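A quick write-up on the structure given underneath.
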Amino acid sequence: MNIASAVRIAFAAILGIAVITPVAAQNYPVRAVRIIAPFPAGGSSDLVARILAQKLTDMNGQQFIVDNRPGAGGTLGTELGAKAAPDGYTLTVGNVAPTAVNFSLFKKLPYDPVNDFAPIALSAVGTTVLVVHPSLPVRSVKDVIALAKAKPGQLNYGSGGSGTPAHLTGELFRHMAKVNIVHVPYKGTGQSVNDLIAGHIQFIFATMPVGIPHVKTGRLRGLAVTSEKRSVLAPDLPAVSETLPGFQFDSWWGLVAPAKTPADIINKLNGQLLQITKHPDVKQRFADLGLEPAGNSPQQYAAFIKSEIDKVAKITKAIGLQPE
């Protein structure tokens, strides 16, 4: 350590300021790391977080522990992550809902999705799937639209809460199909799926990790995906856009840290996440959930987040959703 570094650390110690040197970053982590998943256990953010946490634990020799903090469409957990100490020991699952959707749906968020976080890497992307209860007499998107028009206000669709991607996708569907359907918000995706299986609601736009397993068991019926084109992970399902041209909405997941987290730590985690998403077993686990692995630099992830915020803003404007 040179004299300048020693003096800087000495003054920081006197002032009570924590300093993370490049050497410390190389040794990072020296204790358990928390990964905040801003949605309940069983949802897509939770599932992705646990896959990443397991691999990060194996690579670092320290526990990466998933901490589910649901509420307000992911806002509560994301706020907690934004206000955590920027020391690399609290990470947050970045997701389209609290990052991009909520920016357009709420007049004032308790965090800035761009300035309050240091993006690490985008790790997974996935389309959502329109799933219905098997008792519903529909076999296609056209059938759903026809039934909704025959029974205005009588078809209910669920979501993990107001402002979540499932809600936004449902409203985009309502707008483009010109149908009267009713939104039923839940505290998490898992609850909405449970109520759909029980027959209390008629359909949801579920992420592939949540919806496809139930389609495979026959508890739900899959009708279409919301990606621009058919998904390679569910080639038998048509895209909603084949019935409603221009319809498209995808979900994505990555990790972010509080702003001002040392760049050395961000870069170390980025490198590890890029390795993780290339692991054959991780690719398979993602594929089993209907997700495709992703990977980019912190700078590319930051640019991606900004582009998603802009895209969602255009969608909410088009469908007439007003900030609350």
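The values are calculated or read from the model by the stated rules, or taken from the named source; none is laboratory data. Given the structure is predicted, the values throughout are model-derived calculations rather than measurements. All Cβ positions, glycine included, derive from the backbone under ideal geometry; neighbour counts span all protein chains shown.
Can you work out which of the residues in region 127-156 that are of a type in the set (S, T, N, Q) and surrounded by 15 or more Cβ atoms within 10 Å (Cβ to Cβ) is farthest from the chain's Cα centre (by Cα)? Only one residue tops the list, namely N156. When each of G254, G271 is tested for being of a type outside the set (S, T, N, Q), outside any loop (DSSP other than H, G, I, E, B) and without any contact (Cβ under 8 Å) to a residue 40 or more places away in the chain, the lone residue that passes is G271. Only residues that are buried (at least 20 other Cβ atoms within 10 Å of the Cβ), of a type in the set (A, V, I, L, M) and in contact with a strand residue (DSSP E or B) (Cβ under 6 Å, 6 or more places away or on another chain) were counted in region 240-275, giving 7. Does N60 fit the bill of being more than 19 Å from L122 (Cα to Cα) and of a type in the set (S, T, N, Q)? It is true that N60 is more than 19 Å from L122 (Cα to Cα) and of a type in the set (S, T, N, Q). Take L233 and tell me if it is aliphatic (A, V, I, L, M), more than 23 Å from G161 (Cβ to Cβ) and not assigned by TED's automatic domain parsing to the domain that holds A287. Considered against the rule, which asks whether it is aliphatic (A, V, I, L, M), more than 23 Å from G161 (Cβ to Cβ) and not assigned by TED's automatic domain parsing to the domain that holds A287, L233 comes out as yes. Consider region 160-210 and keep the residues that are in contact with a Ser or Thr (Cβ under 8 Å, 6 or more places away or on another chain) and among the β-branched types (V, I, T). The one that is nearest to Q248 (Cα to Cα) is T169. Hey, could you check region 283-321 for residues that are assigned to a loop (DSSP other than H, G, I, E, B) and either modelled with pLDDT of 90 or more or out of contact with any Lys or Arg (no Cβ under 9 Å at 6 or more places or on another chain) (or both) and say which is nearest to A263 (Cα to Cα)? Within region 283-321, the match that is nearest to A263 (Cα to Cα) is S297.
Residue under question is V141, and the condition is that it be in contact (Cβ under 8 Å) with a residue 60 or more places away in the chain and in contact with an Asp or Glu (Cβ under 6 Å, 6 or more places away or on another chain); does it hold?
Against the criterion (in contact (Cβ under 8 Å) with a residue 60 or more places away in the chain and in contact with an Asp or Glu (Cβ under 6 Å, 6 or more places away or on another chain)), V141 does not qualify.
Screening T164 on (1) closer than 20 Å to A148 by Cα; (2) among the β-branched types (V, I, T); (3) within 23 Å of the chain's Cα centre (by Cα) shows it passes everything except condition (1).
Could we say that R230 is touching a residue at least 60 places away in the same chain (Cβ under 8 Å) and surrounded by fewer than 18 Cβ atoms within 10 Å (Cβ to Cβ) here? No, not satisfied. Scanning region 229-282 for residues that are of a type in the set (K, R) and modelled with pLDDT of 95 or more, we see that the one that is farthest from L122 (Cα to Cα) is K260. In region 303-324, the residues that are closer than 11 Å to F103 by Cα reach residues that are loosely packed, with under 14 Cβ neighbours inside 10 Å with C-beta atoms within less than 7 angstrom, at least six apart or across chains, in these pairs: P323/K107; E324/K107.
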